[in-house]
């Protein structure tokens, strides 16, 4: 199973990948540093899941999700973000996000959100 | 953000946001507030980002000295003691992410006071934040585990928003 991790922080990408492994999921990873890079990666590699930050340069996470759905791409996607605003959560879920995990997160929180998605 | 916002009252929310991040993501516990200032400490480095409201903006930042920034970054990355120091780019990236996470927690805590805030992207800096005629800075100096950290809250002076 391939997971695309999208975050403008290299540190956070490595933390997310480590947390997914520690939560017991057998995954390989592709990385992108913003939504525009992610869009190209998704078109070329069709990951099983996209875990994206919200605030990023060039193209934000929600813009990425909206672009994917606009072109009919149903790839599973959720957010890993420091944002916890209820209005943003609503916007994310209305756009088709599967989860919105708030930083800082615990390994148990990763397990809880990814378990149902990757079952 | 209305002119009635008491910016001094926001500082404890920034401290609480940092304390949560320190405990859950940096492995730095406990966090104790040593003092609060209205001028920037020097010499410091760190990261800050803007929180934008319909009227006006504030910036929040996390700063320390070089050793402190290394410790904060190693904590975020889960690196053990004794590892070689992070290079400048790694340090800046990690500090920016810490500031980002702290700002997110702060934003959630002050939502009812400030109204909706839009988060900007973090910026790494070296040296003191310099208040101007239009801006003021409030600082909380904390000890997080063995690391001394300064939290910065830069805001418009009363009557000078925008």
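Just one of B:141, B:147 is surrounded by fewer than 24 Cβ atoms within 10 Å (Cβ to Cβ) and over 26 Å from residue A:8 (Cβ atoms); which is it? Outline the logic, then answer.
Working: B:147 fails: over 26 Å from residue A:8 (Cβ atoms).
After ruling out the rest, the residue left standing is B:141.
Do you know which residues across the range A:62-100 are free of Cβ contacts under 8 Å to residues at least 24 places away in the same chain, within 14 Å of chain B (Cβ to nearest Cβ) and touching a strand residue (DSSP E or B) at 6+ places or on another chain (Cβ under 6 Å)?
Residues satisfying the conditions are A:84, A:89, A:100.
Are any residues in the range A:36-54 without any contact (Cβ under 8 Å) to a residue 40 or more places away in the chain and in contact with a strand residue (DSSP E or B) (Cβ under 7 Å, 6 or more places away or on another chain), and if so, which ones?
A:38, A:41, A:42, A:54
Could you pull out the residue among B:71, B:92, B:99 that is in contact (Cβ under 8 Å) with a residue 40 or more places away in the chain, touching a strand residue (DSSP E or B) at 6+ places or on another chain (Cβ under 7 Å) and farther than 19 Å from residue B:15 by Cα? Walk me through how you get there before you give the answer.
Working: B:71 fails: farther than 19 Å from residue B:15 by Cα; B:99 fails: farther than 19 Å from residue B:15 by Cα.
From the options B:71, B:92, B:99, the qualifying one is B:92.
In the range A:1-56, how many are within 14 Å of chain B (Cβ to nearest Cβ), within 19 Å of residue A:102 (Cβ to Cβ) and in a loop (DSSP other than H, G, I, E, B)?
Here the count works out to 7.
Which strands (runs of 3 or more DSSP E) does the range B:18-72 wholly contain that include 1 or more residues that are surrounded by 23 or more Cβ atoms within 10 Å (Cβ to Cβ)?
Working: elements: B:31-37, B:45-52, B:57-64.
Answer list for the range B:18-72: B:45-52, B:57-64.
Residue B:33: within 12 Å of chain A (Cβ to nearest Cβ) and either modelled with pLDDT under 95 or at negative phi (or both), yes or no? Before you say what the answer is, go through the steps one by one.
Details: within 12 Å of chain A (Cβ to nearest Cβ): no; either modelled with pLDDT under 95 or at negative phi (or both): yes.
Spelling it out, it is not the case that residue B:33 is within 12 Å of chain A (Cβ to nearest Cβ) and either modelled with pLDDT under 95 or at negative phi (or both).
Condition test on residue B:78, is it without any contact (Cβ under 8 Å) to a residue 60 or more places away in the chain and under 20 Å from residue A:102 (Cα atoms)? Before you say what the answer is, go through the steps one by one.
Working: without any contact (Cβ under 8 Å) to a residue 60 or more places away in the chain: yes; under 20 Å from residue A:102 (Cα atoms): yes.
When the stated conditions are applied, residue B:78 passes them.
What are the residues in the range B:110-162 that are without any contact (Cβ under 8 Å) to a residue 12 or more places away in the chain and in a loop (DSSP other than H, G, I, E, B), if any?
Taking the range B:110-162 as the starting set, the residues that turn out to be without any contact (Cβ under 8 Å) to a residue 12 or more places away in the chain are B:111-112, B:132.
B:132 - this is the single residue of the range B:110-162 that is without any contact (Cβ under 8 Å) to a residue 12 or more places away in the chain and in a loop (DSSP other than H, G, I, E, B).
What's the total number of residues in the range B:99-117 that are touching a helix residue (DSSP H, G or I) at 6+ places or on another chain (Cβ under 8 Å) and more than 9 Å from every other protein chain (Cβ to nearest Cβ)?
Count: 5.
The values are calculated or read from the model by the stated rules, or taken from the named source; none is laboratory data. Computed from a predicted model, the values in this text were never measured in an experiment. Reconstructed Cβ throughout: ideal geometry from the backbone, glycine too, with neighbour counts over all protein chains shown.
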